[in-house]
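Peer 1: Attaching a single structure in structure tokens format; questions to follow.
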Amino acid sequence: MLGAALVLLCGCTGETPAPPSPSPSTTTTTPPAPATGLTGIPATGGIGVTALLPTGPTLFDADRGPTATPPGYPGGLGVLRVGEQAVLTAYPAGAGHNDPFEMFAYTGASNPPRSLGRAWSVVPGADQESAWLIRQDAPDSCRLQRVSLSGEELGHGQSASCRTEVRAETSHGLLIRINSGSPESTDALIDPETGRTVRQYPRILGATGDWLLLDGFTDLRLLNLRDGSTKPLTRPASGGGPPTVVPSRDGRVFAVDFADPSYRGPRQSRDIWLLSPDTQAWEHAPGMPFITDHLKQGGGIDWSEAGDLVLADGVLAAWHPGEPRWRLGKATLPDGEWNGIAVLP
């Protein structure tokens, strides 16, 4: 039984996706012309947001600027929030693409990192106190492994293709991408303890709570994991391409960024919407869309503990759903080829 269950992790799929529901009509409204730059107001007393940037890394206060550079990290970092902590991935300059990356747990502003070993990809565990990794044990042999942020391996892991990418975990399973990086890639939600397929679809944009957000290429759909039903969504009037999706910390809403990295040549644009899966309602973030220089570098999106959406774009900005405008931090973010933020705690 177990050998059959692990077929999916090893790069092959044995379950045929359910046929899609009839496509809903999509909006034909012309997207509004983007403004230039993110608009908002400086908040009296500051916005109270601190983020870990992959620039050293750097602990950055939205209003005071850099406050600490933790010692002992290599260069070329990516950052991922895990609950109230963070994991960093080292992508050293000039390194080849045949070796997995070193993973580090952030241990504080003045402490050296804790190594989690090498892996091809990493995502937070559903408990927000652990992480899932794709480890490489031999040239053609990899393993799906859960680890604590102290570096302890939890369980024995499962055999996996080295081209499997871990993406997110919810109470319903672990979201992975099979044959990542190839035209034949597909997405699946699996039981990480057995490898059993829970759901499979060509492209799953995000997972939170009881919901999967599916990309039908011409439309979007919500899949309810409680009963297997799908709900068609009218796509917002946005000129961006396939969106980046970031679930809120409480799992109640998706931030959906219809970014366009090639808007009118060298310029870039960003268009952020919120989607409530329970009501299927969209909310347009204020000041959207806008032209930016920070889509490909010097940017990032995360959620704060207080339920604010935090955007890095020249400065750190915070917006609580329902507010009329963004609250802008006073400190300018550092230049350089970095991308991604982890709001701490």
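The values are calculated or read from the model by the stated rules, or taken from the named source; none is laboratory data. These numbers were taken from a predicted model, which means no experiment stands behind them. All Cβ positions, even for glycine, are placed from backbone atoms using ideal geometry, and neighbour counts span all protein chains on display. Accessible surface is based on the protein model in full, side chains and every heavy atom, while ligands, DNA and RNA are left aside. Shrake-Rupley method; radii C 1.70, N 1.55, O 1.52, S 1.80 Å.
Peer 1: State the number of residues belonging to the stretch 150-197 that are polar (S, T, N, Q) and either open to solvent by 30 Å² or more (accessible area, probe 1.4 Å) or touching a His at 6+ places or on another chain (Cβ under 6 Å) (or both).
Peer 2: 6
Peer 1: Here's a follow-up. Among the residues of the stretch 101-112, is any within 23 Å of the chain's Cα centre (by Cα), surrounded by 13 or more Cβ atoms within 10 Å (Cβ to Cβ) and within 17 Å of THR194 (Cα to Cα)?
Peer 2: Looking for residues that are within 23 Å of the chain's Cα centre (by Cα), surrounded by 13 or more Cβ atoms within 10 Å (Cβ to Cβ) and within 17 Å of THR194 (Cα to Cα), one finds none in the stretch 101-112, hence no.
Peer 1: Where in the stretch 29-69 are there strands (runs of 3 or more DSSP E), lying wholly inside it, with at least 3 residues that are of a type in the set (A, V, I, L, M)?
Peer 2: Of the strands (runs of 3 or more DSSP E) lying wholly inside the stretch 29-69, those with at least 3 residues that are of a type in the set (A, V, I, L, M) span 50-53.
Peer 1: Which condition from (1) in contact (Cβ under 8 Å) with a residue 60 or more places away in the chain; (2) open to solvent by less than 10 Å² (accessible area, probe 1.4 Å); (3) hydrophobic (A, V, I, L, M, F, W, C) is the one that VAL256 breaks?
Peer 2: Of everything listed in (1) in contact (Cβ under 8 Å) with a residue 60 or more places away in the chain; (2) open to solvent by less than 10 Å² (accessible area, probe 1.4 Å); (3) hydrophobic (A, V, I, L, M, F, W, C), VAL256 misses just condition (1).
Peer 1: Something else about it: Exactly one condition in (1) modelled with pLDDT of 95 or more; (2) of a type outside the set (S, T, N, Q); (3) more than 15 Å from LEU52 (Cβ to Cβ) is not met by ALA86; state its number.
Peer 2: With respect to (1) modelled with pLDDT of 95 or more; (2) of a type outside the set (S, T, N, Q); (3) more than 15 Å from LEU52 (Cβ to Cβ), ALA86 is out only on (3).
Peer 1: For the stretch 113-149, what are the residues that are farther than 22 Å from ARG167 by Cβ, open to solvent by less than 70 Å² (accessible area, probe 1.4 Å) and not aliphatic (A, V, I, L, M)?
Peer 2: PRO113, SER115
Peer 1: While we're looking at this one, here's another question. Give the residues of the stretch 311-339 that are closer than 23 Å to GLY56 by Cβ, surrounded by fewer than 22 Cβ atoms within 10 Å (Cβ to Cβ) and of a type outside the set (D, E, K, R), sorted by residue number.
Peer 2: Matches in the stretch 311-339: GLY314, VAL315, ALA331, THR332, PRO334, GLY336, ASN339.
Peer 1: Moving to a separate point now. Quick one: is THR50 open to solvent by less than 60 Å² (accessible area, probe 1.4 Å), closer than 19 Å to GLU337 by Cα and under 19 Å from the mean Cα position of the chain (by Cα)?
Peer 2: No; evaluated as a whole, the condition is false for this residue.
Peer 1: Continuing with this model, one more query. Those residues that are of a type in the set (Phe, Trp, Tyr) and under 18 Å from the mean Cα position of the chain (by Cα), I need them from the stretch 199-243; list them, please.
Peer 2: TRP211
Peer 1: Report every pair of residues separated by at least 6 positions or lying on different chains whose Cβ atoms are under 7 Å apart, first residue within the stretch 229-249 and closer than 16 Å to LEU212 by Cβ, second outside any loop (DSSP other than H, G, I, E, B) and basic (Lys, Arg).
Peer 2: Close Cβ pairs satisfying both conditions: THR230/ARG221; LYS231/ARG221; PRO232/ARG221; LEU233/ARG221.
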